[in-house]
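Asker: One structure is given below, represented as structure tokens, and several questions about it will come after.
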């Protein structure tokens with residue numbers, strides 16, 4: 001049995017799609033499918049029900065998932081602990097964060113934290129949401145900083161991981177203003193004149209939150225999807241060019257709201273509350289990482305749940 005089979009398995013658990021997981025794992029779909037089949041033969045049971053779309057876990061797959069997560073977590077954590085012996089880089093605190101938080105949240109947040117203590121040696125790896133989660137699962141970062149919401153599934157068992165809320169935010173729909181400062185697009189739109197919608201890709205965590213809101217909206221919402229990207233910064237740029245309406249984190253819009261280059265496309269009933277959390281393993285971290293974590297415990301502790 002190869003460890004990459006477990007990584008393939010957990011990727012497929014996340015995407016529920018063979019072709020998408022093959023892309024994430026940088027391989028071809030036939031090769032990826034063969035590896036999943038090899039894992040199922042090693043386990044001795046079918047792990048996925050391939051007759052449904054998206055595919056689902058079988059009962060055997062549901063039972064095997066926490067085992068795979070725990071084995072990989074312990075394997076990579078053991079590797080990192082071995083690497084840290086005599087390694088000067090053990091004093092570097094490693095973070096993983098999505099692109100938007102890396103640009104718009106992390107620098108100011110870290111500066112504020114260090115004003116209460118001292119300057120830390122840090123490293124920030126920036127990637128898409130699922131990749132950041134995998135970095136934490138594999139022990140390749142000490143802390144994951146990400147947007148969270150009840151509809152975002154991370155597969156981070158609370159018995160192994162804990163977290164702190166470091167900022168409350170909300171996703172707000174914004175668009176270009178007209179010459180009178182009124183929104184060019186206004187929610188909810190009409191059947192004859194739908195709002196041009198700038199959407200996130202399926203790989204985006206906050207994109208899942210927006211799509212969940214749209215799907216469950218009690219009031220008819222008329223949208224015409226005209227553009228897709230996984231990066232909030234790209235959607236903001238496209239909205240600023242008059243291409244349509246995007247749901248963006250309010251914390252990223254301070255300057256745009258102040259100078260009027262972007263305005264709300266609807267009232268507050270279209271806002272979506274989200275939280276920024278810093279997530280870590282419950283296992284002991286290097287002393288410098290534990291020191292930084294202790295700074296966060298000056299406020300009320302909030303476990304991952």
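Asker: For segment 141-215, what is the largest minus smallest coordinate of the Cα atoms on each principal axis, given in angstrom and ordered from greatest to least?
Answerer: Between the extreme Cα coordinates on each principal axis of segment 141-215 lie 52, 24, 17 Å.
Asker: Kindly state, to the nearest 0.05, the FRET efficiency for residue 228 paired with residue 269, given R0 = 25 Å and r defined as their beta-carbon distance.
Answerer: 0.50
Asker: Out of these labelled values of Cα extents along the principal axes in Å, (i) 78, 53, 36; (ii) 63, 55, 31; (iii) 50, 40, 39, which was calculated from the coordinates shown here?
Answerer: (ii)
Asker: Would you mind pulling out the separation of the Cα centroids of segment 1-72 and segment 214-262, in Å?
Answerer: 35
Asker: Using 1/(1 + (r/R0)^6) with R0 = 41 angstrom and r between the beta carbons of residue 237 and residue 165, what's the FRET efficiency to the nearest 0.05?
Answerer: According to the calculation, E is roughly 0.90.
Asker: Hey, another quick one. Apply 1/(1 + (r/R0)^6) to the Cβ-Cβ distance of residue 58 and residue 295, taking R0 = 30 Å, and write down the FRET efficiency to the nearest 0.05.
Answerer: After rounding, the FRET efficiency stands at 0.10.
Asker: Then there is this: How much length would be gained if the chain were fully extended between residue 42 and residue 120, taking 0.36 nm per residue of separation minus their Cα-Cα distance, in nm to one decimal?
Answerer: 23.6 nm
Asker: A further question on this structure: Considering segment 132-269, what Rg and Dmax in Å follow from its alpha-carbon atoms?
Answerer: Just the Cα atoms of segment 132-269 yield Rg and Dmax of 16.6, 54 Å.
Asker: Kindly put 74, 269 in sequence by how many other C-beta atoms sit within 10 Å of each C-beta, fewest to most.
Answerer: Fewest-to-most Cβ neighbours within 10 Å comes out as 269, 74.
Asker: Counting DSSP beta bridges with both partners in the chain, what percentage is antiparallel, nearest 5?
Answerer: Antiparallel: roughly 60 percent of the beta bridges in the chain.
Read-outs throughout are calculated quantities, based only on the coordinates presented, and are distinct from any laboratory measurement. Quantities reported herein were computed from a predicted structural model and do not represent experimental measurements. Positions of Cβ are generated from backbone atoms using ideal geometry, with glycine treated the same way; all protein chains shown enter the neighbour counts.
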